[in-house]
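Read the structure below first, then the notes.
The values are calculated or read from the model by the stated rules, or taken from the named source; none is laboratory data. Fair warning: this is a prediction, and the values are worked out from it, not measured in the lab. Because the Cβ atoms are built from the backbone with ideal geometry, glycine has one as well, and the counts that use them run over all protein chains shown. Calculation scope for accessible area: heavy atoms of the full protein, side chains included, ligands and nucleic acids excluded. Shrake-Rupley method; radii C 1.70, N 1.55, O 1.52, S 1.80 Å.
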Amino acid sequence: MPDGTKLATGNGSAVLTEATTVERERIFDVFRSWGYLQADLDPLGFLAPQPHPELQIEGEIAREARRIYCATVGIEFMHISDPERRHWIRDRMEGSQPEIDQGHVLEQLIRAEVFEQVLQQRYLGSKRFSLEGVTVLIPLIDEIIEAAAERGVVELVIGMSHRGRLNVIVQVARRAAEEVFAGFEDVDPRSVLGSGDVKYHMGATGDYITRAGAKVHVHLVSNPSHLEAVDPVTVGRTRAKQDRAGEDGWKQFLPLLVHGDAAFAGQGITAETLNLADLPGYSVGGTVHILANNLLGFTTQYSEEHSSRFSAQLARRQSIPIFHVNAEDVDAVVRVGRIALDYRYTFGSDVVVDLIGYRRHGHSEVDDPTVTQPLLYRAIQEHSPLWEIYAEDIEAEDAQSKAAAIRAEYEAAQKKAGTLTKKPTLRELPVYWADFKGGRYKPQFEVDTGLSSEELGEITHKLTAYPPAFHIHPKVKKLLEQRAEMGAGKRPLDYGMAEALAFASLVKVGVPVRLSGQDTRRGTFNQRHSVLVDIENEQEFVPLQHVSEGQARCEIYNSPLSEPGVLGFEYGYSRDYPEALVLWEAQFGDFANVAQAVIDQFVCAGEDKWGLLSGVVLLLPHGYEGQGPEHSSARIERFLQLAARDNIQICQPSNAAQYFHLLRRQALRHWRKPLIVLTPKSMLRHPDASSPIADFTHRRFLPVLAETEINAARRILICTGKIGHELRAERKKRKNTATAIVFLEQLYPFPEQELAAAIAQQAAAREIIWVQEEPANMGALFYMLPRLRHIAGERSVLSVKRSASASPSTGSPKAHEVEQRALLSLAFTGKS
Ligand SMILES: Cc1ncc(C[n+]2csc(CCOP(=O)(O)OP(=O)(O)O)c2C)c(N)n1
Ligand SMILES: [Mg+2]
């Protein structure tokens with residue numbers, strides 16, 4: 001910088017020499033890097049500033065830097081590698097600060113706190129998870145919405161857990177207070193027997209009107225107790241809304257996640273969600289994260305919560321800023337809200353605001369915190385409510401009368417709530433759900449899923465073509481040649497081809513397809529090859545995106561190595577894109593258990609708890625092939641246990657055509673239910689599981705495949721998946737003509753009639769045997785036995801399975817072979 005350059009400083013402009021400029025920058029950089037450690041961030045002063053040797057500088061410049069970086073805002077941003085972003089933050093912090101409409105802010109603080117107080121007085125002994133202590137969350141979100149509205153936002157999608165949720169529903173989503181109070185009134189328990197959820201988990205929607213009169217829709221996502229599990233769901237939902245809106249979607253739909261300090265640091269799913277931020281398949285143009293940080297998790301102190309100084313520092317692995325701010329410097333909080341929002345829109349980046357306050361009551365209002373934090377709570381008890389402190393600071397004379405008026409307003413709303421005869425639902429469903437149904441299965445939901453052989457041929461042509469100048473890998477070339485023969489009816493079709501045909505036929509008629517999972521573009525088992533890679537330049541060509549003019553999107557992404565994060569995202573996506581086929585694929589079905597909370601809380605229970613539907617598909621490779629305890633079982637038993645009231649579908653298609661029909665059925669029916677598909681591994685290309693093209697012209701997916709070769713069996717083996725093919729091979733080897741083999745292709749909803757019909761076909765059969773590869777304590781055994789007994793009539797019902805085991809399978813391929821042979825032998829002879 002040349003001599004005499006003018007630099008803006010906090011107290012005007014000064015002419016500085018080059019040497020002074022360098023020195024000034026050096027000192028400022030130290031404060032920009034470490035100032036947050038000494039910032040005044042905890043309103044109650046328990047979080048003492050952390051000494052840092054490099055900050056022990058005195059003098060004019062240091063004082064100026066300290067005033068900016070060690071006051072009530074502490075920023076971590078010097079780890080951001082892009083200088084433009086760092087300079088942007090620097091300029092915003094070191095430049096002049098905007099005026100705040102303090103009257104407006106005060107009113108919000110009063111509203112937020114008085115709302116909590118009325119709840120406390122009227123519903124003493126009820127849990128509500130009060131916001132008091134971080135009440136400034138309300139003006140913070142308010143400022144974020146105001147700023148976002150100036151940038152063209154149409155909807156704010158909020159994911160948050162318990163703390164302050166009811167307050168957000170009223171102050172941000174602008175639902176009438178009586179609707180929330182009504183949640184505390186007694187209801188007729190018969191209306192919610194066996195279903196529903198607690199009031200601080202239910203979703204809400206509403207319209208926020210900005211000061212300039214713009215309408216911003218607010219969508220608070222339904223949330224389970226499992227802290228942070230809602231994060232990827234919220235982001236996935238936002239992405240779907242953005243995709244629906246087109247190119248500017250990222251500006252129109254803004255995700256906001258409000259985290260607790262203990263949960264943010266402790267839960268792995270937070271890190272998984274943050275990691276999605278800049279990945280093309282999952283990006284939403286930046287999520288705004290707010291920590292409602294009360295330095296406590298239930299009874300646990302912050303020093304017991306995380307190894308880092310701040311909970312929010314989990315986010316430091318990413319090149320994104322973290323703004324720590326003292327929750328009692330209200331104006332600073334509001335300013336940070338605007339900076340954070342502007343940063344998101346300027347750089348399309350995530351941003352974190354760590355709002356550090358306290359918790360006025362116990363974890364819930366029925367919990368006594370003085371047992372575990374007596375000194376802290378003594379201090380809290382003596383501490384005035386924030387609105388009073390702020391009113392005094394800004395010398396607002398009418399604050400008391402305002403508070404009285406607002407109290408009267410909420411008290412009137414509370415009285416009104418008691419007179420409501422029906423419990424209000426706090427949300428409206430988006431219009432795109434109008435055509436889709438949940439609830440119990442009805443046969444009239446079915447649609448034909450077969451295609452003519454001409455159409456299959458046409459699609460095949462598109463799926464196997466690539467540009468003339470494309471340098472294709474010889475192995476892929478061969479695969480495409482084989483697929484061309486399959487589509488022409490010259491060789492049986494395998495699963496990879498069946499899936500490609502299903503996807504292509506769907507996008508052709510306008511149904512978008514979105515699939516993500518680990519190594520999914522190629523396919524873990526080298527079976528998919530949805531993306532062709534030029535071997536000279538690594539350019540990509542995706543045949544599924546070239547099926548027809550005006551086709552729908554087909555997106556297939558390799559996901560990061562995450563299960564709950566990615567499944568949560570895809571579940572969320574499916575919630576806001578019911579017209580699309582949305583699939584998540586586990587690398588092996590075994591790994592889905594890492595996402596068990598998402599499976600339990602959203603996929604399986606979402607409809608029951610919140611009345612919210614999803615057609616998400618889980619592809620879970622399953623089968624005993626000697627690959628060891630963690631490469632064998634997708635844990636059918638767990639899904640079966642979670643199944644009730646037609647909440648999900650669990651299917652194991654045993655051949656390629658069945659897979660094709662199943663995928664098409666899922667997209668083309670208007671019944672939206674999660675679909676769990678146990679997919680093959682070794683059978684992917686096995687001739688026994690391949691299908692002739694004629695089977696693709698069949699009308700529908702068949703929930704049961706009855707015996708077709710034998711009609712006077714004495715014994716019926718009933719099974720699902722790969723073992724059925726092995727049983728058939730064994731029967732052939734034994735030249736056995738007295739054993740029928742029935743494939744159960746859909747385990748849930750249980751196709752009782754179809755199975756009963758398949759059994760009845762074998763009038764001479766005296767024995768029904770359920771055969772499974774899984775150990776006796778796993779697989780579908782417990783589920784099947786009572787159901788088989790119910791339809792078996794006079795016949796006896798037996799079972800063949802591996803011995804009960806603590807782990808799903810042996811780790812020895814040889815032992816596996818021995819076990820497998822014993823299973824097959826037992827099924828035919830009763831002896832192993
Ligand atoms: C995954 C999970 N584990 C444990 C709990 C039980 N739990 C509910 S709230 C809470 C403390 C949360 O602390 P924090 O995230 O700081 O939020 P705060 O309640 O302080 O706002 C715990 C442990 C839970 N809900 N979810
Ligand atoms: Mg906390």
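A few comments on the model shown:
- Sulfur and carbon atoms: percent of accessible area, the chain [1.4 Å]: 50
- Amide proton proximity set for Thr72, modelled H, under 5 Å, gap of 5+: Asp40
- Highest average packing first - 605-615, 794-804, Cβ atoms within 10 Å: 605-615, 794-804
- Per residue value of the accessible surface for the chain (all protein chains in place, 1.4 Å probe), Å²: 40
- For the stretch 580-701, the spread of Cα positions along each principal axis, largest first, Å: 44, 38, 22
- Cα long-axis angle, helix 722-734 against the chain (0 to 90 degrees, to the nearest 10): 20
- The stretch 689-783: projected area of the alpha-carbon convex hull, averaged over directions, in nm²: 6.8
- For the stretch 33-89, the Kirkwood estimate of hydrodynamic radius, built from reciprocal distances between every pair of different alpha carbons, is 12.3 Å.
- Within the stretch 403-464, the trypsin sites (Lys or Arg not before Pro) that combine a DSSP coil assignment with at most 16 other C-beta atoms in a 10 angstrom radius are Lys422, Arg440.
- Angstrom value of the Kirkwood radius, inverse mean 1/r, which spans all Cα pairs in the stretch 414-541: 18.5
- Residue-wise HN-Hα couplings along the stretch 109-115, as the Karplus relation 6.51 cos²θ - 1.76 cosθ + 1.60 with θ = phi - 60° gives them from phi, are 4, 4, 4, 5, 6, 5, 4 Hz; Gly and Pro carry x.
- Extents of the stretch 339-429, taken as max minus min of Cα coordinates on every principal axis and listed largest first, are 49, 46, 36 Å.
- Normalising the Debye intensity of the stretch 48-190 to I(0), with uniform scatterers on Cα atoms only, and taking log10 at q = 0.10, 0.12 Å⁻¹ returns -0.55, -0.73.
- Take the Kirkwood radius over Cα pairs of the stretch 521-628, plug it into Stokes-Einstein at 20 °C and 1.002 mPa s, and you get 136 µm²/s for translational diffusion.
- For the stretch 420-471, projected area of the alpha-carbon convex hull averaged over all directions, nm²: 9.0
- Converting phi to 3J(HN,Hα) with the Karplus coefficients 6.51, -1.76 and 1.60 and the offset θ = phi - 60°, the stretch 354-364 yields 9, 8, 9, x, 8, 10, 5, 10, x, 3, 10 Hz in sequence order, with x at every glycine or proline.
- In this structure, the amide hydrogen of His473, modeled 1.01 Å from its nitrogen in the peptide plane, lies closer than 5 angstrom to those of Val533, Ile535, counting only residues at least 5 positions away or on a different chain.
- Using alpha-carbon coordinates, inclination of helix 813-829 to the longest axis of the chain, degrees: 50
- With Cα atoms, 0 to 90° folded angle of helix 230-245 axis to the chain main axis: 80
- Using only side-chain charges placed at the Cβ, +1 for Lys and Arg and -1 for Asp and Glu, the dipole size of the chain relative to its Cα centre rounds to 4340 debye.
- The residue list Gln527, Gln97, Pro430 was ranked by how far each Cα lies along the charge dipole of the chain toward its positive end, using unit charges on Cβ atoms, and Gln527 comes out on top.
- Total formal charge among the other residues, if their Cβ is under 15 angstrom from that of Val507, Lys/Arg +1 and Asp/Glu -1: -2
- Ordering Leu386, Gln400, Thr421 by Cα displacement along the dipole of the stretch 341-440 toward the positive end leaves Thr421 in first place; charges were set at the Cβ atoms of Lys, Arg (+1) and Asp, Glu (-1).
- Cα lying deepest toward the dipole's positive end in the chain, options Ser319, Tyr200, Gln252, charges on Cβ: Tyr200
- Computed helical MRE - 222 nm, the chain, DSSP H runs ≥ 4 contributing -39500 (n - 2.57), nearest 500: -11000 deg cm²/dmol
- Radius of gyration over Kirkwood radius for the stretch 757-832, both on Cα atoms: the Rg/Rh ratio is 1.03.
- The phi-based Karplus calculation (6.51 cos²θ - 1.76 cosθ + 1.60; θ = phi - 60°) puts the 3J(HN,Hα) values of the stretch 672-678 at 9, 9, x, 10, 9, 10, 7 Hz, whole numbers, x for Gly and Pro.
- Considering only Cα atoms, the convex hull volume of the stretch 377-439 works out to 234 Å³ per residue.
- Around the amide H of Gln746, modelled in the peptide plane, lie the amide H atoms of Gln652, all under 5 Å away and 5 or more residues distant in sequence or on another chain.
- Computed over the chain, Kirkwood Rh from alpha-carbon pairs, angstrom: 29.7
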